[in-house]
Amino acid sequence: APALHRTNPATGTTETWPLREPVGSLGLCNSGAVLLALRSGIHRFDSRDGTLDLLAAPERDRPMNRLNDGKVSPEGRFLVGSMDDRPEKEATGALWRLDPGAGACMLLADGFVVSNGLAWSPDGRTLWHSDSRVSVIWTWDYDPATGAVAARREVARPDAATGRPDGAAMDAEGGYWSAGVSAGRLNRWLPDGRLDRTIELPVAAPTMPCFGGPGLRTLFVTSLRPPDRPSGPLDGCVLALDIGVAGAPVGRFRD
């Protein structure tokens, strides 16, 4: 159901805030608020008083779309992609950037089916990005001073058995951990296109990895219950793994 959940891994306590629209992604803010990419646009949510304020609605002219994967850049901007939410999908998705203090989003790129997999290299100068439906992973040159992207390069085209790319996270060594949503695994890709490592998971469809915990040494992974495949006991759960490498820090939005 449309909701935001916050879980304390040490205690297992979960708080839940119902929302009126599906949440494609979220990002943390310097103020303690949370950015939410909802169907109608990017909102700022304050859990202390429950206020939800619309910051930008970049796709009012694309009613077939919804916002999907998004992430805060190391220097404090919010990038978010969109996707065609119809069963028969077309390349109507785009990649947007919201700058702190801006009232509108900047269009960075267009022509995606399901924009996904945003993550930055440890030095903040390479942006990783994917399209889950086309099953392709790219890197872009990223300018931390301006938030501009350039020189898109194809890194990999994993097949369904390898794992179509869903959400992703970057480790401190520059490895890109992609949730192979079609294969029940995590894949670690290197910038030269090598599939460096694969971890089989006890879920059918992992959706997003995220480093956290002390020293960013725990990899948390969300999952879904596949509508077209039998569900196992852990499908839909959040997993926590020690993969032997720390994560690269993720930025907070400079609100």
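The values are calculated or read from the model by the stated rules, or taken from the named source; none is laboratory data. None of these values were measured; they are calculated from a predicted model. Cβ placement follows ideal geometry from the backbone for every residue including glycine, while neighbour counts extend to all protein chains displayed. Just the protein is used for accessible areas: all its heavy atoms, side chains included, with ligands, DNA and RNA removed. Shrake-Rupley method; radii C 1.70, N 1.55, O 1.52, S 1.80 Å.
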Fill in the blank from the handout: Counting only residues 5 or more apart in sequence or on a different chain, those whose built amide H sits under 5 Å from that of Ser132 are Val114, Asn116
Handout entry: Per-residue ³J(HN,Hα) for region 59-70, Karplus 6.51 cos²θ - 1.76 cosθ + 1.60, θ = phi - 60°, Hz, x for Gly and Pro
Key = 10, 4, 8, 10, x, 7, 9, 9, 6, 10, 4, x
Exercise for the section: Would you work out the relative contact order for region 146-248, in percent, from Cα pairs under 8 angstrom that are 6 or more residues apart? Expected result: 22 percent
Problem - Farthest positive-ward along the chain dipole, Cα basis, beta-carbon charges - from Pro9, Ala172, Gly93 - result: Pro9
Exercise for the section: Please report the relative contact order for region 53-136, taking Cα pairs under 8 Å with a sequence separation of at least 6, and give it as a percent rounded to a whole number. Expected result: 25 percent
Exercise for the section: Would you mind working out the magnitude of the charge dipole of region 123-255 relative to its Cα centre, with +1 at each Lys and Arg C-beta and -1 at each Asp and Glu C-beta, to the nearest 20 Debye? Expected result: 140 debye
Completion exercise
Checking region 149-215 for GluC sites (Glu not before Pro) in a loop per DSSP with at most 14 other beta-carbon atoms within 10 Å yields Glu173
Fill in the blank from the handout: The ³J(HN,Hα) series, computed from each phi in region 135-143 with the Karplus coefficients 6.51, -1.76 and 1.60 at θ = phi - 60°, rounded to the nearest Hz and given as x for glycine or proline, is 6, 9, 10, 10, 10, 10, 6, 10, 9
Fill in the blank from the handout: Looks like region 51-140, by Cα gyration tensor root eigenvalues a ≥ b ≥ c and the a/c under 1.5 rounded cutoff (else prolate when a/b is bigger than b/c, oblate otherwise), is oblate
Completion exercise
Counting sequence-distant residues (5 or more places) and residues on other chains, those with an amide H built under 5 Å from that of Thr207 are Thr222, Ser223, Leu224
Handout entry: Gyration tensor (alpha-carbon) shape descriptor, region 105-217, a/c threshold 1.5
Key = oblate
Fill in the blank from the handout: Farthest towards the positive end of the dipole of the chain, among Cys237, Ser182, Gly147 and with Cβ unit charges of +1 on Lys and Arg and -1 on Asp and Glu, lies the Cα of Cys237
Completion exercise
The alpha-carbon center of region 13-49 and that of region 174-227 are separated, in whole Å, by 23 Å
Handout entry: Relative contact order of the chain, pairs being alpha-carbon contacts under 8 Å that are 6 or more residues apart, as %
Key = 13 percent
Fill in the blank from the handout: For region 1-117, the percent of accessible surface on carbon and sulfur atoms (probe 1.4 angstrom, ligands and nucleic acids excluded) is 51 percent
Problem - Å² per residue, accessible surface of region 131-255 at 1.4 Å - result: 46 Å²
Fill in the blank from the handout: Magnitude of the Cβ-charge dipole (Lys and Arg +1, Asp and Glu -1) of the chain about the Cα centre, nearest 20 debye, reported as 160 debye
Handout entry: Phi to ³J(HN,Hα) by Karplus 6.51 cos²θ - 1.76 cosθ + 1.60 over region 220-233, Hz, x for Gly, Pro
Key = 8, 9, 8, 8, 10, 9, x, x, 10, 9, x, 8, x, x
Practice task
Mind listing the long-range amide H neighbours of Ala246? Cut-off is under 5 Å, sequence gap 5 or more, other chains count too, H placed in the peptide plane at 1.01 Å from N.
Solution key: Ala172
Practice task
Report the extension gain between Ala148 and Val134 in nm, rounded to one decimal, defined as 0.36 nm multiplied by the number of residues separating them, less their alpha carbon distance.
Solution key: 2.7 nm
Practice task
For the chain, with a Gaussian network of springs between Cα atoms less than 10 Å apart, report the residue from Asp166, Asp61, Asp242 with the top mean-square fluctuation.
Solution key: Asp61
Practice task
Quick one: dipole size for region 1-92, taken about the Cα centre, charges +1 on Lys/Arg Cβ and -1 on Asp/Glu Cβ, in debye to the nearest 20.
Solution key: 80 debye
